[in-house]
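**Student:** The structure under discussion is supplied below as structure tokens; questions concerning it will follow.
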Amino acid sequence: MPAQEKIVSIFEHHTDIIRKDRRDTYYGHKICLAGGSSNLILDGVVLDGNPADSELTKVMLARQDEIYGRYPLKVALDGGFASHVNLETAKSNGIKDVCFSKGRGLTEEDMCRSKRVYRMLWKFRAGIESGILWLKRSFGLSRCSWKGLESFKSYVWASIVSANLLTIARRHLS
């Protein structure tokens, strides 16, 4: 029986099986987040199933074009998004510098104009990871107690909006 047809929760039928690099198995939903240099979460998507990250690059970049009317000039992505095809897709859309946290056969020179830019984007990606951890710990994003798929999506966005409001308030007070 395919994983999509299996029921893994008798309480929440929409729950998906999520495998992380053959390490661990989780139950819930995969979430893709996009953040900016302002430390705000600019976009979030709750995905159906467990698509490979490498399949999501084109979708997430297209969302940035759809939302903001243009592609970003620089992007920093998780190592799971890394592939030659995704690098070419990003570059063909006018993105000048692309940093994957794990190269997977790509060199820094392939991804960015210089090693300095690559290191800057790599550090930015590390900062995004800390923001994701902050969402999980401070805003309960690691475990949702609301029932139903639509409520789950609302819970995710409530966490994102709360984190963004706190980020804005902290900037305003300092």
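**Student:** Show the residue pairs that are 6+ apart or on different chains and have beta-carbon atoms under 7 Å apart, the first residue being within the range 73-96 and farther than 15 Å from Ala62 by Cβ, the second being among the hydroxyl-bearing types (Ser, Thr, Tyr) and assigned to a helix (DSSP H, G or I).
**Tutor:** Close Cβ pairs (under 7 Å, with a partner that is among the hydroxyl-bearing types (Ser, Thr, Tyr) and assigned to a helix (DSSP H, G or I)) amount to Gly80/Ser54; Ser83/Ser54.
**Student:** On to the next question. Return only the number of the condition from (1) in contact with a Ser or Thr (Cβ under 9 Å, 6 or more places away or on another chain); (2) within 15 Å of Cys32 (Cα to Cα) that Ser138 does not satisfy.
**Tutor:** (2)
**Student:** Please find, among Glu129, Glu150, the residue that is among the acidic types (Asp, Glu), part of a helix (DSSP H, G or I) and within 17 Å of the chain's Cα centre (by Cα).
**Tutor:** Working: Glu150 fails: within 17 Å of the chain's Cα centre (by Cα).
One residue alone meets the criteria, Glu129.
**Student:** Tell me which residues, restricted to the range 35-60, are of a type outside the set (Val, Ile, Thr), in a strand (DSSP E or B) and in contact (Cβ under 8 Å) with a residue 40 or more places away in the chain.
**Tutor:** Correct list: Gly35, Gly44.
**Student:** When you look at Asn39, is it under 28 Å from Ser151 (Cβ atoms), touching a helix residue (DSSP H, G or I) at 6+ places or on another chain (Cβ under 6 Å) and not aliphatic (A, V, I, L, M), yes or no? Talk me through it step by step, then tell me what you get.
**Tutor:** Values: under 28 Å from Ser151 (Cβ atoms): yes; touching a helix residue (DSSP H, G or I) at 6+ places or on another chain (Cβ under 6 Å): yes; not aliphatic (A, V, I, L, M): yes.
Yes, satisfied.
**Student:** Same structure again: Given the options Gly49, Gly105, name the one that is of a type outside the set (S, T, N, Q) and in contact with a strand residue (DSSP E or B) (Cβ under 6 Å, 6 or more places away or on another chain).
**Tutor:** Exactly one of Gly49, Gly105 is of a type outside the set (S, T, N, Q) and in contact with a strand residue (DSSP E or B) (Cβ under 6 Å, 6 or more places away or on another chain), namely Gly49.
**Student:** Output the residues belonging to the range 73-129 that are charged (D, E, K, R) and within 22 Å of Leu42 (Cβ to Cβ).
**Tutor:** Lys74, Asp78, Lys91, Lys96, Asp97, Lys123, Arg125, Glu129
All of the numbers you see were taken from the coordinates with simple rules; none came from a lab. All values derive from a computational prediction rather than experimental measurement. As a convention, Cβ positions derive from the backbone with ideal geometry for all residues, glycine included, and neighbour counts pool all protein chains shown.
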